[in-house]
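The values are calculated or read from the model by the stated rules, or taken from the named source; none is laboratory data. As the structure is a prediction and not an experimental result, all values here were calculated from the model. Here the Cβ positions follow ideal geometry from the backbone for every residue, glycine too, while neighbour counts run over all protein chains shown. For accessibility, only protein heavy atoms count, side chains too; no ligands or nucleic acids. Shrake-Rupley method; radii C 1.70, N 1.55, O 1.52, S 1.80 Å.
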Number of protein chains: 2
Amino acid sequence: MASIEGLAAIEPYDVFARSCPSRPTLEHVTGRWGGLVLGVLASRPLRFNELRRRVDGVSQKILAQTLQALERDGFVHRELISTFPLRVEYSLTPLGRSVADRLVALFAHLESQMPAVLAAQHRYDERVGR
Amino acid sequence: MASIEGLAAIEPYDVFARSCPSRPTLEHVTGRWGGLVLGVLASRPLRFNELRRRVDGVSQKILAQTLQALERDGFVHRELISTFPLRVEYSLTPLGRSVADRLVALFAHLESQMPAVLAAQHRYDERVGR
DNA sequence: CAGCATCCTTATCGATACTG
DNA sequence: CAGTATCGATAAGGATGCTG
């Protein structure tokens with residue numbers, strides 16, 4: 001499992017390396033909107049405007065391009081329902097779910113720790129003088 | 001633990017809400033550099049320029065302001081060692097470690113799934129015509 | 001070594017208008 | 001409804017030079 005000390009691990013992908021192909025994908029997942037989109041889709045499949053309402057603050061343009069990136073990475077499935085008016089349903093793929101579950105856990109943890117975070121911020125601001 | 005169906009949860013913090021105080025903190029943690037900084041600090045405490053080398057691609061300016069945000073949120077401890085030349089050691093607080101562990105798990109998962117991601121990207125590009 | 005200040009470039013984002 | 005296209009504002013980011 002562990003690599004020999006002093007030798008580079010023979011892991012093919014490394015998010016810490018600037019030009020690793022995993023970097024763009026990481027940014028889609030942890031970027032400002034990508035994570036939130038995966039997070040809301042973790043509860044259930046949603047249509048475009050439903051997503052837009054749930055991910056508070058995202059614009060139409062940004063949501064569209066976020067969804068395209070996540071679809072291209074294989075995290076989100078886009079299903080066109082040819083009714084009138086047109087409907088499109090977005091859902092998580094199995095791969096997307098495995099990622100979203102971890103994100104949701106992170107979000108929940110952060111939310112639960114917010115009192116500690118706010119306290120730390122307050123202490124910091126006191127210390128440096130606002 | 002769970003809230004009653006149909007009633008809004010009485011959770012004080014919600015990352016999906018635009019003006020929730022947890023949003024900025026979430027962005028520090030999942031932003032382009034914050035997550036990577038927490039990720040490398042998860043292995044061991046590091047000095048400024050060590051961090052800079054490990055988080056491949058980050059500039060001095062951005063690293064400094066990323067560290068300030070993480071310190072203010074209470075995730076990172078900054079220790080000034082008054083030698084000459086000056087040294088500063090950055091380490092995780094217990095709170096920071098709880099977050100970093102989850103991030104590292106997410107990174108490892110993403111790295112392990114990169115073959116599937118690249119395959120999905122390829123399929124997508126085929127389908128739409130590059 | 002660690003990091004602030006300045007300038008300047010570039011990417012991101014949001015608003016608006018329009019299409020299938 | 002679910003987008004695309006275009007434009008302009010704003011913020012993020014990089015390069016350089018300087019300080020304790």
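Rundown of residues vs (1) under 19 Å from A:Leu26 (Cα atoms); (2) of a type outside the set (Ser, Thr, Tyr), yes/no style:
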| position | (1), (2) |
| --- | --- |
| B:Phe16 | no, yes |
| B:Leu36 | yes, yes |
| B:Leu46 | no, yes |
| B:Val88 | no, yes |
| B:Ser91 | no, no |
| B:Val99 | yes, yes |
| B:Ala108 | yes, yes |
| B:Ala120 | yes, yes |
Any hit, the range A:89-112, residues being more than 21 Å from B:Asp14 (Cβ to Cβ) and of a type in the set (D, E, K, R): yes
Lone unmet requirement of (1) within 22 Å of A:Tyr13 (Cα to Cα); (2) within 15 Å of DNA strand D (Cβ to nearest atom) for B:Leu70: (1)
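Within the range B:98-111, does at least one residue satisfy the condition of being polar (S, T, N, Q) and either within 14 Å of the chain's Cα centre (by Cα) or more than 9 Å from chain A (Cβ to nearest Cβ) (or both)?
Filtering the range B:98-111 down to residues polar (S, T, N, Q) leaves B:98.
This time we only want the ones that are either within 14 Å of the chain's Cα centre (by Cα) or more than 9 Å from chain A (Cβ to nearest Cβ) (or both), so: B:98.
Yes.
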Whichever residue in the range B:113-126 is more than 7 Å from every other protein chain (Cβ to nearest Cβ) and either open to solvent by less than 60 Å² (accessible area, probe 1.4 Å) or in contact with a strand residue (DSSP E or B) (Cβ under 8 Å, 6 or more places away or on another chain) (or both) and, among such residues, is farthest from A:Val15 (Cα to Cα): B:Asp125
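Where in the range B:1-120 are the helices (runs of 4 or more DSSP H), entirely inside, with at least 3 residues that are at pLDDT 95 or above and in contact with a Pro (Cβ under 6 Å, 6 or more places away or on another chain)? Even if it seems obvious, please write down each step before you answer.
Working: elements: B:22-30, B:34-41, B:48-54, B:60-72.
Answer list for the range B:1-120: none.
Would you point out which residue out of A:Arg78, A:Arg44 is more than 9 Å from chain B (Cβ to nearest Cβ), away from DNA strand C (no atom under 14 Å from the Cβ) and in contact with an Asp or Glu (Cβ under 6 Å, 6 or more places away or on another chain)? If you could, list the steps in order and put the result at the bottom.
Values: A:Arg44 fails: in contact with an Asp or Glu (Cβ under 6 Å, 6 or more places away or on another chain).
Going through A:Arg78, A:Arg44 in turn, the sole match is A:Arg78.
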Among the candidates B:Leu70, B:Leu103, residue that is surrounded by 15 or more Cβ atoms within 10 Å (Cβ to Cβ), touching a strand residue (DSSP E or B) at 6+ places or on another chain (Cβ under 6 Å) and within 19 Å of B:Val37 (Cβ to Cβ): B:Leu70
Sole residue being among the polar types (S, T, N, Q) and in contact (Cβ under 8 Å) with a residue 40 or more places away in the chain, chosen from A:Thr25, A:Thr66, A:Thr93: A:Thr25
Conditions (1) more than 9 Å from every other protein chain (Cβ to nearest Cβ); (2) over 16 Å from the mean Cα position of the chain (by Cα); (3) open to solvent by 80 Å² or more (accessible area, probe 1.4 Å): number failed by B:Gly129: (3)
Some residue of the range B:43-60 being within 11 Å of DNA strand D (Cβ to nearest atom), in contact with a Leu (Cβ under 8 Å, 6 or more places away or on another chain), open to solvent by less than 10 Å² (accessible area, probe 1.4 Å) and closer than 24 Å to A:His122 by Cα: no
Condition met for B:Thr25 (surrounded by 14 or more Cβ atoms within 10 Å (Cβ to Cβ), under 12 Å from the mean Cα position of the chain (by Cα) and within 7 Å of chain A (Cβ to nearest Cβ)): yes
